């Protein structure tokens, strides 16, 4: 669901292998497990402090090396922000009956 563990050379297979190793066999398990992984590995990680999309991509806490990046695409943060903004607009229009 989040592309966790995926690599540029074989994203579908490597990402699916990672999800299987985590026991994420349903969409619900993948969403909950992926959110927990991101929270622990990036957002709430005391070593990296990567609590924004920009920091998850560029990791300004480590300017000497390109380490601990969530994505390799240089435009990843901007692309994700656009998608999140679009979804936020849709959800704001939703009302439960």
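Residue by residue, here is whether (1) crowded, with 16+ Cβ neighbours inside 10 Å; (2) more than 11 Å from the chain's Cα centre (by Cα); (3) in a helix (DSSP H, G or I) holds:
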residue	(1), (2), (3)
9	no, yes, no
20	no, yes, yes
25	no, yes, no
33	yes, yes, yes
42	yes, no, yes
47	no, yes, no
55	yes, yes, yes
67	no, yes, no
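Residue 51 fulfils the conditions (1) surrounded by 14 or more Cβ atoms within 10 Å (Cβ to Cβ); (2) under 20 Å from residue 76 (Cα atoms) except for a single criterion, (1).
Which residues, counting only those in the stretch 70-97, are touching a helix residue (DSSP H, G or I) at 6+ places or on another chain (Cβ under 7 Å) and either modelled with pLDDT under 85 or in a helix (DSSP H, G or I) (or both)? Those that are touching a helix residue (DSSP H, G or I) at 6+ places or on another chain (Cβ under 7 Å) and either modelled with pLDDT under 85 or in a helix (DSSP H, G or I) (or both): 76, 77, 80, 81.
The values are calculated or read from the model by the stated rules, or taken from the named source; none is laboratory data. Quick caveat: nothing in here was measured; it's all calculated off a predicted structure. With ideal geometry, Cβ positions are generated from the backbone for all residues, glycine too; neighbour counts draw on all protein chains shown.
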